[in-house]
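Notes for the one structure printed next.
Nothing in this text is a laboratory measurement; each read-out follows from the coordinates by a stated rule. Since the structure is predicted, the reported quantities are computational estimates derived from the model, not experimental observations. Here the Cβ is made from the backbone with ideal geometry for all residues, glycine too, and neighbour counts use every protein chain on show.
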Amino acid sequence: MSAVSENAVSMDTLVSLCKRRGFVFPGSEIYGGLANTWDFGPLGVELRNNIKQAWWQTFVHRRHDIAGLDGGIFMNPRVWEASGHVDEFNDPMIDCRECRGRFRADTLVEDALGSSVEGMPPGELDKLIAQSNIACPTCGKHNWTPVRAFNMMFRTQIGPVDETATTIYLRPETAQSIFMQYKNVMQSSRHKVPFGIAQIGKAFRNEITPGNFIFRVLELEQMEIEYFIREDAWEASFEEWLEAQQAFLYSLGINPEHLRRREHTADELSHYSKRTVDYEYLFPFGWKELTGLAYRYDFDLRRHQEASGVDLTYFDQAANEHFLPHVIEPTMGVERLLLMVLLDAFAEETTTDAKGNEASRVVLRFHPKIAPYKVAVLPLSKKPELSGVADEVFRSLQARFVTDYDETQSIGRRYRRQDEIGTPYCVTVDFESLEDHAVTVRDRDTMEQFRAPIADIVDIIAEKLG
Ligand code: GAP
């Protein structure tokens with residue numbers, strides 16, 4: 001092995017690797033696809049599950065103050081009226097009258113002028129677009145419609161007859177079912193303020209300009225916590241959650257230099273937030289939001305209490321008082337984390353092969369806990385005498401770890417494939433194994449190899465994976 005050179009990966013390279021190796025496929029491809037819809041293949045689903053499991057373990061299983069919930073996607077539409085989403089969950093939309101291109105007006109201005117205008121009202125965006133003479137990125141003309149608010153919630157109908165059907169929404173965030181169930185969770189799990197409710201679930205957003213692969217999608221999965229506190233604890237709790245989010249991102253093996261915090265300006269705060277800080281990741285298309293942390297104060301509980309007429313206050317026995325808890329909300333999207341771990345793990349290296357020739361390899365240096373496969377068993381030949389031992393090794397490893405088995409192609413190509421899908425260890429069964437009851441273990445990152453007794457292989461891999 002020789003010098004290692006690492007390149008930043010382009011999105012095109014990553015998208016093609018994801019398809020070739022079975023992480024992410026374009027949706028409905030045989031019908032020409034459906035823009036910005038994606039399906040997660042055999043390795044993608046393992047990676048998703050590992051990210052979600054790491055999050056759940058960190059924030060639910062390893063804490064005593066957070067309980068889980070799995071709420072439904074459909075909710076009474078009054079939820080979304082009271083939460084402010086019907087009136088406020090809008091993006092500014094603008095159309096080109098010449099080519100009929102449709103854009104998010106704030107993104108259009110940001111791309112043209114290089115400064116953020118998120119949260120700017122439609123009228124001011126109109127003026128800025130006219131003053132700055134911003135052209136349509138598609139056709140180059142200047143014939144714009146006025147900017148108007150576009151509600152991002154997907155609507156559908158419940159009920160069999162059109163005339164009597166009720167419009168309902170596909171939830172745009174998972175948070176609201178937590179607010180709906182906060183008293184039930186608190187009472188059934190006997191939690192006291194401060195405590196949190198965690199949920200992983202799908203949310204849907206009719207984004208005007210989705211894109212950048214899985215960065216901005218229509219159907220996303222969120223991992224959210226609503227953490228209920230007394231009002232006077234909000235600043236300290238906010239700081240603790242900033243640290244906890246950072247620690248979680250680092251625990252996925254992310255390079256700290258690729259992460260930064262960004263405070264929202266007053267203009268861009270969501271309608272429910274008094275303070276928001278994002279973690280941003282350095283994607284190939286720039287620093288972009290990865291996670292959010294919002295101080296939702298008592299906005300949601302107060303609005304739901306007023307709209308429903310149901311008392312949502314918490315009774316503090318020690319202080320003998322009722323109050324509406326305030327809320328700190330750490331949130332992150334599974335697709336963005338998945339894109340981040342793929343990008344951060346990607347490395348293209350120059351090495352030397354067994355004959356001393358220069359060779360290159362692509363390797364996904366996933367943290368072992370999120371790697372789709374932990375180990376792969378590679379019999380050197382398909383001969384039946386090897387298959388028996390290889391199968392025995394495979395079965396013992398598979399009982400403990402997610403294990404791949406591959407007996408096709410040359411061993412060199414099989415190593416390259418396992419590198420490209422980020423498998424931390426390969427176990428090769430060769431003809432010597434029949435004599436010495438040992439196998440060769442290869443380390444993905446160093447490419448170093450050592451011999452290990454078959455009888456100890458499960459313990460050795462477990463120790464190596466940590
Ligand atoms: N409950 C608060 C909330 O929904 P948000 O900042 O709108 O806040 C939370 O969304 C997270 O969900 C984001 O930080 C991001 O990771 C993810 N997310 C939001 N919209 C997304 C989209 N269209 N595609 C992929 N992920 C998205």
| task | Within the range 419-466, report the GluC sites (Glu not before Pro) that DSSP leaves as loop and that have at most 14 other Cβ atoms within 10 Å. | result | Glu448
| Which value, in debye to the nearest 20, gives the size of the charge dipole of the chain about its Cα centre, when Lys and Arg are +1 and Asp and Glu are -1 at the Cβ? | 720
| said: Could you tell me the center-to-center distance, by alpha carbons, between the range 412-444 and the range 296-314 in angstrom? | reply: 58
| Do any trypsin sites (Lys or Arg not before Pro) in the range 164-272 lie in a DSSP loop with no more than 16 other beta carbon atoms within 10 Å, and if so, which? | Arg190, Lys192, Arg230
| field | Lys464 paired with Thr13, simple spin-label distance in nm, labels 7 Å along Cα-to-beta-carbon | value | 2.6
| remark: So the angle from the long Cα axis of helix 384-398 to the longest Cα principal axis of the chain, reported in degrees to the nearest 10, equals 40
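In terms of the Cα gyration tensor, with a ≥ b ≥ c the square roots of its eigenvalues, is the range 222-374 rounded because a/c is under 1.5, prolate because a/b exceeds b/c, or oblate?
Cα axes put the range 222-374 in the prolate bin.
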| task | Would you mind checking which residues have amide H under 5 Å from Thr423's amide H? H placed 1.01 Å from N; only 5 or more apart, or other chain. | result | none
| remark: Phi angles of the range 198-206, converted by Karplus (6.51 cos²θ - 1.76 cosθ + 1.60, θ = phi - 60°) into ³J(HN,Hα) in whole Hz with x for Gly and Pro, give 10, 8, 10, x, 6, 9, 10, 9, 7
| Global geometry of the range 373-465, whether rounded, prolate or oblate, following the gyration tensor of its Cα atoms and the 1.5 cut on a/c | rounded
| On a 0 to 90 degree scale, rounded to 10, what angle separates helix 42-56 from the longest Cα axis of the chain? | 60
| request: On a C-alpha basis, how far is the centre of the range 69-92 from the centre of the range 212-230 in Å? Whole number, if you could? | output: 14
| field | Relative contact order (%) - criterion: Cα under 8 Å, at least six apart; region: the chain | value | 14
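So for Thr428, Thr166, Thr13, fewest C-beta neighbours within 10 Å to most, what's the order? Numbers along the way, then the final one.
Numbers: Thr428 21, Thr166 10, Thr13 15.
Ascending Cβ contact count within 10 Å gives the list Thr166, Thr13, Thr428.
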| query | Fewest first, what order do Val79, Val9 take by the number of other Cβ atoms within 10 Å? | reply | Val9, Val79
| For the chain, projected area of the alpha-carbon convex hull averaged over all directions, nm² | 28.7
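Applying a 10 Å radius around every beta-carbon, put 137-145, 282-290, 27-35 in order of their mean neighbour count, most first.
Order by mean packing, descending: 282-290, 137-145, 27-35.
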| Excluding Thr408 itself, what net charge comes from residues whose Cβ is under 10 Å from its Cβ, given Lys and Arg +1 and Asp and Glu -1? | +2
| Of the cross-linked pairs Lys19/Lys202; Lys202/Lys464; Lys192/Lys464; Lys52/Lys192, which ones have a Cα-Cα span greater than 32 Å in the structure shown? | Lys202/Lys464; Lys192/Lys464
| query | Going through the range 376-460, which trypsin sites (Lys or Arg not before Pro) have at most 10 other Cβ atoms within 10 Å and a DSSP loop state? | reply | Lys382
| remark: Over its alpha-carbon atoms, the range 90-151 yields an Rg and a Dmax in Å of 10.3, 27
| Taking His326, His367 and counting other C-beta atoms within 10 Å, the order from fewest to most | His367, His326
| remark: Checking every Cys Cβ in the chain against the others at 4.7 Å leaves as unpaired Cys18, Cys426
| Degrees between helix 122-131 axis and first principal axis of the chain (Cα, 0 to 90, nearest 10) | 70
| note | Length gained, Val310-Met447, 0.36 nm per residue minus C-alpha separation, equals 43.1 nm
| message | Just to verify a number: FRET efficiency for Ala135 and Glu280, C-beta to C-beta distance, R0 = 30 Å, to 0.05? | response | 0.60
